[in-house]
Every structure is written in C-alpha cells, then in structure tokens.
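Nothing in this text is a laboratory measurement; each read-out follows from the coordinates by a stated rule. The shown structure was predicted, so the numbers you read here are calculated from the model rather than taken from an experiment. Heads up, the Cβs are rebuilt from the backbone with ideal geometry, glycines too, and the neighbour counts pull from every protein chain shown.
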Amino acid sequence: MTAAAANPFCTGEKTSYALVVDAASSGSRIRVYTWLTDVNNDPVLGEISEIVPPPETEANFETEPGLSFYAPSGVGAGESLAPLIDAAKTLVPENAWSRTPLYVLCSGGVR
C-alpha cells in the first residue's frame, strides 16, 4: 500500500510546471504553465493553466531583439533568454525548478 493510499486525505497529486519560450524573430516571450500530476507523474485529468505574471512585472517576461539577431553564429542567443528564465522562476516554487522543463519554440523567421 502506498503512502497516498494509506492516508485518505493524501491524493498524491503534485503541481507540475513548464516554461515555454515563444522565440520570434523580433523578440521572445516566456510563459509559465501548470497542471496537477498523480503519484506516477502522469497528468491528472483537468486543465493546464497559464500563470499570468502581475502587471508590474509583465515586461520582464519579454525581450528584444529576437533570436534571429544572433544568427548565424548563435553567440549570445542562450544568454539573451536568461532574464526571461529568471522572471519565470519567480512564478515557480524553488522546489519545482529541477523538474520544470523549458521549451524554446521558434517561428519560421528564426529557423
């Protein structure tokens, strides 16, 4: 019997997070999403929600120039995303950072 099954008040659910960078040619934006997972780390039926930053910090979740600025060498592209990741970390509990994936999605102008 698992600990969750032994305790009727413990569902075994935990909150999961993901960071998604929308890397366009003119600028990049980061979004934070959250959902519940079960003891097997499988998503629990329900919704994936976006965590919206407070209006006073919203500008920290966008950056210019876009990743295409760093072509063709790519030097500096990763570092340009660091402030976005730092901003997103303010919305994710520190104990979840190591299990929070980061996805960087690029538009056609960046590829």
Starting from the Cα-Cα distance between Ile85 and Cys106, subtract it from 0.36 nm times their residue separation and give me the gain in nm to one decimal. 5.9 nm
Distance between modelled label sites at Glu62 and Asn40, nm, 7 Å Cα→Cβ extension: 4.2 nm
Multiply the residue gap between Glu94 and Ala71 by 0.36 nm, knock off their C-alpha separation, and tell me the result in nm, one decimal place. 5.0 nm
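Give, in nm to one decimal, the length gained when the segment between Val52 and Asp22 is fully stretched (0.36 nm per residue of separation minus the Cα-Cα distance). If you can, show how the numbers build up before the last one.
Details: separation 30, 0.36 × 30 = 10.80 nm, distance 1.51 nm.
Between Val52 and Asp22, full extension yields an extra 9.3 nm.
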